[in-house]
Amino acid sequence: MIEALTVLAAEADAQRQWLDEHVVGTDELALDFDHAFRLADGFLAEGRIDHEAMACLRDIDALLAEMSCCGNEECWARDALSVDAGWQRARVLSRGLLVRLRGEWRLPLPEIVVVR
């Protein structure tokens, strides 16, 4: 979860560089979050996150789902990372949650293994 939030919280230039390094599309940002979000109920039950953090995760999930709706294809262009209001909102929410959970939002971007 922290790794997915870290990438969502990163500046647009850092996100683009991360995507290029791993040779993945912009949608990987949302896909990684979605995979992590599926574990959130368990984290809540285990006491690893609280209800306020869960609410923020749900807000991020809803935002990314809204961006994925038909007619929003422009959100997924690399340039949109810098100018799209949805990506900017995702950054604000992710940064706030990382500060709450880890005390800061500027964490090293994770390495991933892409299976093709």
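Can you tell which of Arg58, Arg89 is charged (D, E, K, R), surrounded by fewer than 13 Cβ atoms within 10 Å (Cβ to Cβ) and more than 15 Å from Glu3 (Cα to Cα)? It is Arg58. Arg38 satisfies every condition listed in (1) closer than 21 Å to Trp18 by Cβ; (2) surrounded by fewer than 12 Cβ atoms within 10 Å (Cβ to Cβ) except (1).
Residue under question is Thr6, and the condition is that it be farther than 18 Å from Gly96 by Cα and either β-branched (Val, Ile, Thr) or touching a Ser or Thr at 6+ places or on another chain (Cβ under 7 Å) (or both); does it hold? Even if it seems obvious, please write down each step before you answer.
Details: farther than 18 Å from Gly96 by Cα: no; either β-branched (Val, Ile, Thr) or touching a Ser or Thr at 6+ places or on another chain (Cβ under 7 Å) (or both): yes.
No.
Taking each residue of the stretch 4-31 that is on the phi > 0 side of the Ramachandran plot and looking for partners that are surrounded by fewer than 16 Cβ atoms within 10 Å (Cβ to Cβ) and part of a loop (DSSP other than H, G, I, E, B) with beta-carbon atoms closer than 8 Å, six or more apart or interchain, yields Val23/Val114. Leu64 fails exactly one of the following numbered conditions: (1) free of Cβ contacts under 8 Å to residues at least 40 places away in the same chain; (2) loosely packed, with under 13 Cβ neighbours inside 10 Å; (3) of a type in the set (A, V, I, L, M). What is the number of that condition? Single failed check for Leu64: (2).
FYI, it's all coordinate maths here, none of it is from the lab. The model shown is predicted, which means the values in this text are computed figures rather than measured ones. Virtual Cβ from ideal backbone geometry, glycine too; neighbours counted across all protein chains shown.
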